[in-house]
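Below is one structure, written out as C-alpha cells; the observations come after it.
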Amino acid sequence: MSAIKTALNNYIRKKSSVGSLPDAMFAEWREKILSVVREKLDSFRPFEFNTVLSKPDVREELSALQEKYVLVPTDKASNNVSVVCKKFYVQLLHNEIDSQTYQLSTESEEEVIARHEEFLASHGIKMKPENKKLPYLYGTVKMHKDPIKFRFITAGSNCSLQQLSVEVGLCLKSGLKVARNYSKYHNNFHRRNDLYVIDSNIEVLEFMFNDNLRHGRKSLSTFDFSTLYTTIPHDQLKTNLNDFVNRIFEIEGKNILRVMNI
C-alpha cells in the first residue's frame, strides 16, 4: 500500500502544479482509489502451490523417463520443454563436438582451469570458487523449423572465464556507446547509416517508417545467418576487435577511458 500511496501523491502533486489546483481537491478521489485497492487486496488469498515435482512418485516416474529420454529447452519458446531420445541427443552432441567448431585439447580440465585462474589473477581478478569449472555443451530444439533442427549452446554461466566475460562485455558496451554517439553526430550532416548494431526493435521500426513507408517503398527483405558465431575466423575477429578498440580511443582522444556500469 505504501508504494500505491506514494504513486498517488506524486500524481496528485503533478496534476496540481499543472492546473494550479490545491492538493485537497483530490482528497476524495484519492481515498476512493485507496478504498478500492484495499478491498481488492483483502479479497486475495495466499496461492497454494502444487509442488508436484517434490512428490516421490512423480520424481520416480521422471527418473524412469530420463533413462531413455532427455528434457531440453525449446528454442524460441521459453518455459517449454522438448522430449528427445537420449541416444539420438548424445549422437548429435558428438557430431557437433567432432565438427570444425571445436578443437581437441591435450590439457586436463584441472590444467585449463589453473591456467585461467593464473591469467585472471594477472589482471587483478580473483576467480570465485563456484566458477572453477568449464562450460558444457547442450542443445535446444528448434520446433519452429521444418524439418526440426537443433541449436547448440556452450553454456558459460559460472565457469572459469565468466568474470572476465562480464568485464570485457562492459568495456565493449562502453565502446559501442561511443561509436553510436559519434555516428549519430556525423550522420546529422550526411544521409547515411554506418552503424548496424541495435539494442531493440525501435530503431528497425523507425527505419521502416522513415526510409521505407514514408517514401512509398513497398519491398522489405530480411536475412538470417546460420552458425554465424561459430564460423567467424578467430584471427579476423581479434584483428577487427583490436581495430575497433583503437578507433574508440582515437574518437575520444584519450589514453584511458572510464567504463560505466551499463
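The values are calculated or read from the model by the stated rules, or taken from the named source; none is laboratory data. Everything quoted here is computed from the prediction, not taken from an experiment. Neighbour counts are summed over all protein chains in view; Cβ atoms, including those assigned to glycine, are modelled from backbone coordinates with ideal geometry. In case anyone asks, the SASA skips ligands and DNA or RNA and just uses the protein heavy atoms, side chains included. Shrake-Rupley method; radii C 1.70, N 1.55, O 1.52, S 1.80 Å.
Remarks
- Number of positions in segment 242-261 that are in contact (Cβ under 8 Å) with a residue 60 or more places away in the chain and either surrounded by 11 or more Cβ atoms within 10 Å (Cβ to Cβ) or polar (S, T, N, Q) (or both): 9
- Matching residues, segment 217-241, being modelled with pLDDT of 90 or more and surrounded by 10 or more Cβ atoms within 10 Å (Cβ to Cβ): L237, K238, T239, N240, L241
- Residue tally, condition hydrophobic (A, V, I, L, M, F, W, C) and open to solvent by less than 80 Å² (accessible area, probe 1.4 Å), over segment 42-69: 5
- Out of S105, S63, one residue alone is more than 26 Å from the chain's Cα centre (by Cα) and under 29 Å from H234 (Cα atoms). It is S105.
- Inside segment 72-129, residues that are outside any loop (DSSP other than H, G, I, E, B) and either open to solvent by 40 Å² or more (accessible area, probe 1.4 Å) or acidic (D, E) (or both) make up a count of 24.
- Residues of segment 130-160 classified as outside any loop (DSSP other than H, G, I, E, B), open to solvent by 70 Å² or more (accessible area, probe 1.4 Å) and in contact (Cβ under 8 Å) with a residue 40 or more places away in the chain, total: 1
- Within segment 1-26, no residue that is outside any helix (DSSP H, G or I) and open to solvent by 90 Å² or more (accessible area, probe 1.4 Å) sits with its Cβ atom under 6 Å from a residue that is among the aromatic types (F, W, Y) and at pLDDT below 85 at 6+ positions apart or across chains.
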